[in-house]
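Asker: First the structure, then my questions, so here it is.
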Amino acid sequence: MNNNIIISVLLVFSSITLSACNSYKLRGTGDLGLIIERAAGKIQVVEHSQNTSLAQINGLGDLSHASIVYSRDARYGYIFGRDGGLTKVDILQQKIIKRIIQSGNSIGGAISQDGKLIAVSNYAPGGVKVFSAETLELIADIPATYNSNGKTMQSKTVGLVDAPGQRFVFSLYDAGEIWLLNMSKPQTPEIRKFKNIGSLPYDALLTPDGRYYIAGLFGEDGLAKLDLWHPDNGVKRILDNYGRGKQQLPIYKMPHLEGWTQAGDKTLVPAVGQHEVLVMNSKWKQIKSIPVHGQPIFVMSRPDHRQMWVNFAHPKNDTIQVIDTESLSIIKTLKPGKAVLHMEFTPRGDQVWMSVRDEDRVDIIDTETFETVTSLKADKPSGIFFTNRAHKIGL
């Protein structure tokens, strides 16, 4: 073959290659997110630069209490379904990479500090399982067993978060314990157990600096706090007996503690069984209670911490209230519609997206004017998760 023919072949090949590259639109993931469409078992891929829906991905099973974490590069989402499903989704190619059923009933998950491990918290049969983020192969199975009246029992696990140092922390609902799981050596996990932390821990959070793990207690008024910098000091009680002297109201939906946020030297938390948001100072002492519209579910901070947005349990779940963190007063009450289940702020806080489940839409609200910018159609939407979560501890 002479040189002219070789050059012609190379030019044709280069032309085809460039054409193929140009036909695929490159984009980043920084403004992407996923919306859970719980009734249909699907998720919607969205972007918040132009506030549009990009695609739907079907076949994710029971999403009635689903949550999502992202890979470090924010390309892959890991969806934890109520049916025990763990699904890895490519949000750029908008497709399922792999889906497994790892238990009978799961309640959330977390991704390790190095992004290589996915941990899942289970109701049935209980315990925590840890998987490879790359392949979803099982790495560790941690049964949540405890002793009750001489019998070995298996507990539901709740409040699973990822902590610095390749650690996961979670609570045992039935046992009243907090477990600290060190996965620095994945083949030989280390577990540290903290017992008698309080009655029925139902959810938990990790403070933004990754230092304090705080579990809410359903069986009694109060919270259980573990200092991960000094775990030898054990679990301490905070907000003990915050409901003393008050009649607890029927609880239709438990507060979600991952919605708590610190704003400067204050922490605002929902009071279980009360129409109040509680305010703690930097020493974990209550300094104020703010009367609100109903029983709060999420108390979520705008990224600049100037505002806290609060939604409420049934039957008052058509309302949102906004608290100014400087004056600790309510500055706005909104009525988006029936069953406002979840909120998510854009990274710089100019907008908040909120699911209005019973009206099949997601509203996008300007956080300065409180006006609705636009709405997106969604089939019974619940959780909204933007990819900026990939770079936050404990989310």
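The values are calculated or read from the model by the stated rules, or taken from the named source; none is laboratory data. Keep in mind that what you see is a predicted model, and the values were worked out from it rather than measured. Using ideal geometry, Cβ is built from the backbone for each residue, glycine included, and neighbour counts are taken over all protein chains shown.
Asker: Of all residues in the range 372-387 being over 20 Å from the mean Cα position of the chain (by Cα) and hydrophobic (A, V, I, L, M, F, W, C), which is nearest to Lys332 (Cα to Cα)?
Answerer: Ranking the candidates gives Val373 first.
Asker: Select from the range 326-350 the residues that are over 24 Å from Gly273 (Cβ atoms) and touching a residue at least 40 places away in the same chain (Cβ under 8 Å) and list them in ascending order.
Answerer: Scanning the range 326-350 gives Glu344, Phe345, Thr346, Pro347, Arg348, Gly349.
Asker: If you don't mind, another one. Restricting attention to the range 286-305, does a residue exist that is surrounded by fewer than 20 Cβ atoms within 10 Å (Cβ to Cβ), of a type in the set (A, V, I, L, M, F, W, C), modelled with pLDDT of 90 or more and not assigned by TED's automatic domain parsing to the domain that holds Lys195?
Answerer: Within the range 286-305, one or more residues are surrounded by fewer than 20 Cβ atoms within 10 Å (Cβ to Cβ), of a type in the set (A, V, I, L, M, F, W, C), modelled with pLDDT of 90 or more and not assigned by TED's automatic domain parsing to the domain that holds Lys195.
Asker: Something else now. Quick check on my filter: what residues within the range 101-114 are under 16 Å from the mean Cα position of the chain (by Cα) and at pLDDT 95 or above? Talk me through it step by step, then tell me what you get.
Answerer: Here is the first cut: in the range 101-114, the ones under 16 Å from the mean Cα position of the chain (by Cα) are 106-113.
Within the range 101-114, Gly109, Ala110, Ile111, Ser112, Gln113 meet the criteria.
Asker: Considering only the range 306-319, how many residues are surrounded by fewer than 20 Cβ atoms within 10 Å (Cβ to Cβ) and of a type in the set (A, V, I, L, M, F, W, C)? Reasoning before the result, please.
Answerer: Kept after step one, since they are surrounded by fewer than 20 Cβ atoms within 10 Å (Cβ to Cβ), are these residues of the range 306-319: 306, 313-316, 319.
Still in the list and also of a type in the set (A, V, I, L, M, F, W, C): 313.
Going through the range 306-319 one residue at a time, the tally reaches 1.
Asker: Same structure, new question: Collect the residues in the range 45-65 that are surrounded by fewer than 17 Cβ atoms within 10 Å (Cβ to Cβ) and among the charged types (D, E, K, R), keeping them in residue-number order.
Answerer: Asp62 - this is the single residue of the range 45-65 that is surrounded by fewer than 17 Cβ atoms within 10 Å (Cβ to Cβ) and among the charged types (D, E, K, R).
Asker: Evaluate the following for Phe168: is it modelled with pLDDT of 85 or more, of a type outside the set (S, T, N, Q) and surrounded by fewer than 22 Cβ atoms within 10 Å (Cβ to Cβ)?
Answerer: Working: modelled with pLDDT of 85 or more: yes; of a type outside the set (S, T, N, Q): yes; surrounded by fewer than 22 Cβ atoms within 10 Å (Cβ to Cβ): no.
Answer is no for this residue.
Asker: Can you name the residue in the range 144-153 that is loosely packed, with under 15 Cβ neighbours inside 10 Å and of a type outside the set (Gly, Ala, Ser) and is also modelled with the lowest pLDDT among such residues? Explain how you work it out, then say what you get.
Answerer: Here is the first cut: in the range 144-153, the residues loosely packed, with under 15 Cβ neighbours inside 10 Å are 145, 147-153.
If we keep only those that are of a type outside the set (Gly, Ala, Ser) too, we end up with 145, 147, 149, 151-153.
On the way: Thr145: 96, Asn147: 93, Asn149: 89, Lys151: 94, Thr152: 95, Met153: 95.
Here the residue is Asn149.
Asker: For the range 95-150, which positions are among the acidic types (Asp, Glu) and either closer than 18 Å to Leu180 by Cα or touching a strand residue (DSSP E or B) at 6+ places or on another chain (Cβ under 7 Å) (or both)? So that I can check it myself, show each step before the final result.
Answerer: Here is the first cut: in the range 95-150, the ones among the acidic types (Asp, Glu) are 114, 134, 137, 141.
The answer is Asp114, Glu137, Asp141.
Asker: Which fully enclosed strands (runs of 3 or more DSSP E) of the range 78-123 have 1 or more residues being basic (Lys, Arg)?
Answerer: Details: elements: 85-90, 95-101, 105-111.
By residue number, 85-90, 95-101.
Asker: Being surrounded by fewer than 21 Cβ atoms within 10 Å (Cβ to Cβ), modelled with pLDDT under 95 and either of a type outside the set (A, V, I, L, M, F, W, C) or assigned to a strand (DSSP E or B) (or both), is that true of even one residue in the range 353-371?
Answerer: So far as the range 353-371 goes, no, none of its residues is surrounded by fewer than 21 Cβ atoms within 10 Å (Cβ to Cβ), modelled with pLDDT under 95 and either of a type outside the set (A, V, I, L, M, F, W, C) or assigned to a strand (DSSP E or B) (or both).
Asker: Mind listing whichever residues of the range 372-385 are part of a strand (DSSP E or B) and not hydroxyl-bearing (Ser, Thr, Tyr)?
Answerer: Pass one, the range 372-385, residues part of a strand (DSSP E or B): 372-377, 381-385.
Result: Val373, Leu376, Lys377, Pro381, Gly383, Ile384, Phe385.
Asker: Still on this structure: Filter the range 183-222 down to residues that are part of a strand (DSSP E or B) and of a type in the set (D, E, K, R) and give me whichever is farthest from Asp265 (Cα to Cα). It would help to see each step written out before you state the result.
Answerer: At the first step, the residues of the range 183-222 found to be part of a strand (DSSP E or B) are 190-194, 201-206, 212-217.
Right, trim to of a type in the set (D, E, K, R) and you get 190, 192-193, 203.
Working: Glu190: 34, Arg192: 30, Lys193: 30, Asp203: 23 Å.
This residue is Glu190.
Asker: Those residues that are over 18 Å from Glu371 (Cβ atoms) and surrounded by 18 or more Cβ atoms within 10 Å (Cβ to Cβ), I need them from the range 320-338; list them, please.
Answerer: Scanning the range 320-338 gives Ile323, Thr325.
Asker: While we're looking at this one, here's another question. Which of the numbered conditions does Tyr242 fail, given that it passes all the others? Conditions: (1) part of a strand (DSSP E or B); (2) at pLDDT below 95; (3) among the aromatic types (Phe, Trp, Tyr).
Answerer: Going through (1) part of a strand (DSSP E or B); (2) at pLDDT below 95; (3) among the aromatic types (Phe, Trp, Tyr) one by one, Tyr242 breaks only (1).
Asker: Right, next: Look at Leu117 and say whether it is more than 15 Å from the chain's Cα centre (by Cα) and either farther than 27 Å from Gly159 by Cβ or buried (at least 22 other Cβ atoms within 10 Å of the Cβ) (or both).
Answerer: On the way: more than 15 Å from the chain's Cα centre (by Cα): yes; either farther than 27 Å from Gly159 by Cβ or buried (at least 22 other Cβ atoms within 10 Å of the Cβ) (or both): no.
Spelling it out, it is not the case that Leu117 is more than 15 Å from the chain's Cα centre (by Cα) and either farther than 27 Å from Gly159 by Cβ or buried (at least 22 other Cβ atoms within 10 Å of the Cβ) (or both).
Asker: Just need a number here: residues in the range 71-126 that are in contact with a Leu (Cβ under 9 Å, 6 or more places away or on another chain), of a type in the set (Lys, Arg) and farther than 19 Å from Asn388 by Cβ.
Answerer: Adding up the residues that qualify gives 4.
Asker: Which residue out of Thr319, Thr333 is of a type in the set (S, T, N, Q), modelled with pLDDT of 95 or more and either touching a Phe, Trp or Tyr at 6+ places or on another chain (Cβ under 7 Å) or closer than 25 Å to Glu37 by Cα (or both)? Break it down into steps so the answer makes sense when it comes.
Answerer: Details: Thr333 fails: either touching a Phe, Trp or Tyr at 6+ places or on another chain (Cβ under 7 Å) or closer than 25 Å to Glu37 by Cα (or both).
Result of the check over Thr319, Thr333: Thr319.
Asker: Further question on the same structure: Against the definition (out of contact with any Lys or Arg (no Cβ under 7 Å at 6 or more places or on another chain), in the same structural domain as Phe194 (by TED's automatic domain parsing) and charged (D, E, K, R)), how does Lys129 come out, yes or no? Please lay out each step first, then the result.
Answerer: On the way: out of contact with any Lys or Arg (no Cβ under 7 Å at 6 or more places or on another chain): yes; in the same structural domain as Phe194 (by TED's automatic domain parsing): yes; charged (D, E, K, R): yes.
Yes, satisfied.
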